[in-house]
Amino acid sequence: MGALDSIREFSLLAWMRERRQSRKLILLIVFIALLLDNMLLTVVVPIIPSYLYAIDEEASSSTTDSIGVGSSMAPATAPSFPSSSAFQTIVSLYDNSTYQTGAGINLLSTTPRPLAPSPAPGSPMTTAVATAGNRTGNTTGQDCPLQGGKQLLNENVKVGLLFASKATVQLLTNPFIGPLTNRIGYQIPMFAGFCIMFLSTIMFAFSKSYTLLFLARSLQGVGSSCSSVAGMGMLASVYTDDEERGNAIGVALGGLAMGVLLGPPFGSVMYDFVGKTAPFLILAVLAVLDGALQLFVLQPSKVEPESQQGTPLLTLMKDPYILIAAGSICFANMGIAMLEPALPIWMMETMCPAKWQLGVAFIPASISYLIGTHIFGIMAHKMGRWLCSLIGMLLVGLSIVCVPLAKDIYGLILPNFGVGFAIGMVDSSMMPIMGYLVDLRHVSVYGSVYAIADVAFCMGFALGPSAGGAIAKSIGFPALMTMIGIVDILFAPLCFFLRSPPAREEKMAILSMESNCSMKTRSYTMQDSSYQMGDEFETESDE
């Protein structure tokens, strides 16, 4: 029996060891981490604007009620009506009564009067009717706030700053996470990202003030920095062939796309029918499962530094080719970043949609991003990643400009689809080219370069919501979309310089020496769950 138990134990250890060495399992972990991180990123998009507006309305109502109670008013049974000039008569389409609104108490006249002809869409009468319907109990589930124009424009700035806080903190954290992964490896930062994201999710679930929501969003930025930088660096170090790396990163970006796809509709439906807390608690449970998988596969207690010292972060940031690739990521994603806080508010202001439609409007962009990353993760290597990114930037610009032309939620389908598909083209091209540029021009250590890529991504999502909210308030949503669209179109030709970037002279010498050497140092294949490196065979140990 003892010998049989030893054999079983040895077999179990061998199976666990085999699983830990599987590149596909590492890819799955990165995929799930990006999926959950971006679900948390986007699940708040349809929730926060409506939730903050409800908080402000509740506070405003409480203030109005306290003023009314403290003032001297005539009894409700014998109201005195102010002069007719102080009131606006509203004909309700929901019942056959006349409402009087003004600075005083809203009074309902029981005298029936015939319905007026249907007013033209967008006319003052239409706005008044929609306002009355919401004030007296809107049975259609539409989200048409009272005095929407001015109050919703004020919400633009608050929502934009809250959304931008995550990307801003992530932007500040990335320069530290990149070099850290070179010293201690990718496993510990990856697991730390899970822990921080779990804490942020719980805070979102139970926060009921703008300050706590802002803190939860900022904390998420630290966790996202750990997960994205460590995850992309891990994939680049495991998949060293350029084509394989592009395919793997395309799959990982599919997790990001699925998170962006599922987040808004999941959040809006759960918020509308269950409440604010439920979607975040579900995400917290999924995060725990992801953490258990990381514990089993990555063994985050081990410190596994890189075998060679990577190129300093500042040196990489001075490389013009890396800056062009980072700029493409930044400006392409800035378009969707500006849409996230501004589009729901613009829809509430112009389309009077139901709450669940605020998140559903992003589904075309999410689906097309998933399609774009999947297709061009493979095709970009064949057609030229520079060309794929150039076309994507042009398509982003044209699609963004077309968004304000929509008159209803159905008119948003085509431009939003174009935005997501084009951003998928850019991301699936530029993320692999970041690793390729490091291999070609610097030391093949990837933590710092993917920190730069994540910084570019975060700059888009930091500047987009924060500046976009203020710009939308001052010049309007259509002008904002036109502005960012033109920026993307003007930046697109710079991608031509990535067509054939030159290698550094010292790197060319190293490549020449390697070509004359019998052993090829960083190419390997998976055989029996072990790494084969050239003519030698190296097996990982569990130490």
Among the residues of the stretch 175-214, count how many are in a helix (DSSP H, G or I) and open to solvent by 10 Å² or more (accessible area, probe 1.4 Å).
25
Of the numbered conditions (1) open to solvent by 30 Å² or more (accessible area, probe 1.4 Å); (2) under 22 Å from the mean Cα position of the chain (by Cα), Asp439 satisfies every one except a single condition; which is it?
(2)
Consider Gly359 against the criteria (1) touching a Ser or Thr at 6+ places or on another chain (Cβ under 9 Å); (2) surrounded by fewer than 22 Cβ atoms within 10 Å (Cβ to Cβ): it satisfies all of them except one. Which criterion is unmet?
(2)
Residue list for the stretch 362-380, filter: hydroxyl-bearing (Ser, Thr, Tyr) and either open to solvent by 10 Å² or more (accessible area, probe 1.4 Å) or free of Cβ contacts under 8 Å to residues at least 40 places away in the same chain (or both):
Tyr369
Checked pairs for the stretch 428-453, first closer than 18 Å to Asn247 by Cβ, second among the hydrophobic types (A, V, I, L, M, F, W, C) and open to solvent by 10 Å² or more (accessible area, probe 1.4 Å), C-beta under 6 Å and 6 or more apart or across chains, list as Ser428/Phe376; Tyr450/Met232
Restricting the search to the stretch 323-338, which residues are farther than 19 Å from Leu253 by Cβ and crowded, with 24+ Cβ neighbours inside 10 Å?
Met338
Flag for Met425 being in a helix (DSSP H, G or I), open to solvent by less than 40 Å² (accessible area, probe 1.4 Å), free of Cβ contacts under 8 Å to residues at least 60 places away in the same chain and among the aliphatic types (A, V, I, L, M)
yes
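The values are calculated or read from the model by the stated rules, or taken from the named source; none is laboratory data. Just so you know, these numbers come straight off a predicted model, no measurement behind them. Here Cβ is always computed from backbone atoms with ideal geometry, including for glycine, and neighbour counts include all displayed protein chains. SASA here: full protein model, heavy atoms, side chains in, ligands and nucleic acids out. Shrake-Rupley method; radii C 1.70, N 1.55, O 1.52, S 1.80 Å.
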